[in-house]
Amino acid sequence: MELEVRHLRALCAIADTGSLHKAARQLGMSQPSLTTQLRRIELEIGGQLFARERTGCRPTPLGRLALSRARPLVSEMRALVNETKAAAARVSESPQLRIGSTASRAIPGWLRRLRLRLPGTETSLQMDVSANALLRMVAGGQLDVAFVHEVEGSPLRLPEGLRRRVLVEREPQFVFLPADHPAAAQPVVHLTDLAADRWMVDPTVDGEWDGLLRVLRAAGLNPRVLHGDYLTASSLVATGEVVTVCQPTSRARPDMAVRPLHGDPLGVRLLVAARTEGELDAVYGDLEAAYWEAARQAPAYGEWLAGRATAA
């Protein structure tokens, strides 16, 4: 087997994440496939590159040597691709705007405003649960701008050279619970009211599980937890199986209620990142308008904001 750039990229991903599982997700492949690929690479090189430990993967001395040569090659290949893509975009008939985002109710309004204000611009959207992955894509030139959330207590890794702008310094996180849950009868839910419930959380969202775990432990709770995506979580909330954290712009349904948590124990910071201030200027105003439009359309968040304004 001849080593290729994709093999070197795999080695760098394993070293950066410290985990075959996380590296496979970053590379868009299954963990068994990555494990097999790593074995073939090690067989070709003639030695073990990573020590598999209970806490993850750590480069061996041979692995560190291989990585010292692999990283510059991967970086040069990335630069070659990015510069070629940039040149192609410059000669394109239509200007491009490549947006990345974590989940948000503001996205439809944001895209609508951009389309109306920039009718000749071709806008693309890439969604990802990982804010850090989106930031790396902006830094690498695959995206022009990223709208992400940073869970309180779990700072994002902002790549060198990126500019950022804060949209909301602290957005409180609310809770989704079944409409017939006893706590749903109150305008604000105490965490202790949910002590007997199972929670569901998506551990692939950067900082989400750590943030929720801190909040639950601070409240003296150790509930049963299921791991899964938030689309599945919504279905399980509706049938009374779980409760879950949600964005305050989320809207209630006949079978699900949205409520703020007493004391707002969990919050996120909403950020927009780009390589230049000009790129931020080009999208920030439309995003800001779209976000507050979504906030006004969410009754529970509207009441929370009104209460804050009255208190101030």
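Some values worked out for this structure:
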| item | result |
| --- | --- |
| Subset of the range 128-153 (residues that are in contact with a Lys or Arg (Cβ under 9 Å, 6 or more places away or on another chain) and of a type outside the set (A, V, I, L, M)) | Ser130, Asn132, Arg136, Gly140, Gly141, Gln142, Asp144, His149, Glu150, Glu152, Gly153 |
| Residue in the range 252-266 that is within 30 Å of Leu116 (Cβ to Cβ), modelled with pLDDT under 95 and in contact with a strand residue (DSSP E or B) (Cβ under 7 Å, 6 or more places away or on another chain) present | yes |
| Matching option when the condition is aliphatic (A, V, I, L, M), without any contact (Cβ under 8 Å) to a residue 24 or more places away in the chain and either within 25 Å of Met137 (Cβ to Cβ) or surrounded by 11 or more Cβ atoms within 10 Å (Cβ to Cβ) (or both), among Leu34, Leu65 | Leu65 |
| Single match in Arg165, Arg170 (criterion: in contact with a strand residue (DSSP E or B) (Cβ under 7 Å, 6 or more places away or on another chain), of a type in the set (D, E, K, R) and farther than 22 Å from Val258 by Cβ) | Arg165 |
| Top-ranked residue in the range 264-283 [being of a type outside the set (S, T, N, Q) and open to solvent by 40 Å² or more (accessible area, probe 1.4 Å); ranked as nearest to Gly140 (Cα to Cα)] | Arg275 |
| Selection count, the range 93-119, where residues are open to solvent by less than 50 Å² (accessible area, probe 1.4 Å) and over 22 Å from Glu293 (Cβ atoms) | 1 |
| Inter-residue pairs, beta-carbon under 9 Å, first touching a residue at least 60 places away in the same chain (Cβ under 8 Å) and in the range 222-234, second open to solvent by 60 Å² or more (accessible area, probe 1.4 Å), 6+ apart | Tyr230/Ala103 |
| Selected residue [at negative phi, assigned to a helix (DSSP H, G or I) and either in contact with a Pro (Cβ under 7 Å, 6 or more places away or on another chain) or among the aliphatic types (A, V, I, L, M) (or both)] from Ala15, Ala103 | Ala15 |
| Any hit, the range 200-210, residues being over 22 Å from Gln126 (Cβ atoms), open to solvent by less than 40 Å² (accessible area, probe 1.4 Å) and either part of a strand (DSSP E or B) or modelled with pLDDT of 95 or more (or both) | yes |
| Pair list, Cβ < 8 Å and 6+ apart or interchain, from the range 172-195 residues that are at pLDDT 95 or above to residues that are of a type in the set (Ser, Thr, Tyr) | Phe174/Ser250; Phe174/Tyr301; Val175/Thr244; Phe176/Ser234; Phe176/Thr244; Phe176/Ser250; Pro178/Thr239 |
| Qualifying residue in the range 66-79 (condition: assigned to a loop (DSSP other than H, G, I, E, B) and either at pLDDT below 90 or touching an Asp or Glu at 6+ places or on another chain (Cβ under 8 Å) (or both)) | no |
| Members of the range 262-312 found to be farther than 21 Å from Trp110 by Cα and within 22 Å of the chain's Cα centre (by Cα), listed by number | Asp264, Pro265, Leu266, Gly267 |
| Verdict on Gln26 being touching a His at 6+ places or on another chain (Cβ under 8 Å) and under 27 Å from Leu134 (Cβ atoms) | no |
| Condition met for Tyr291 (open to solvent by less than 20 Å² (accessible area, probe 1.4 Å), at pLDDT 95 or above and either hydroxyl-bearing (Ser, Thr, Tyr) or not in a loop (DSSP other than H, G, I, E, B) (or both)) | yes |
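The values are calculated or read from the model by the stated rules, or taken from the named source; none is laboratory data. Only a predicted model underlies this, so the values are computations on that prediction, with no experimental measurement involved. Methodologically, a virtual Cβ is constructed for each residue, glycine included, from the backbone with ideal geometry; neighbour enumeration extends over all protein chains shown. Protein only, heavy atoms only, side chains kept; ligands, DNA and RNA dropped before computing areas. Shrake-Rupley method; radii C 1.70, N 1.55, O 1.52, S 1.80 Å.
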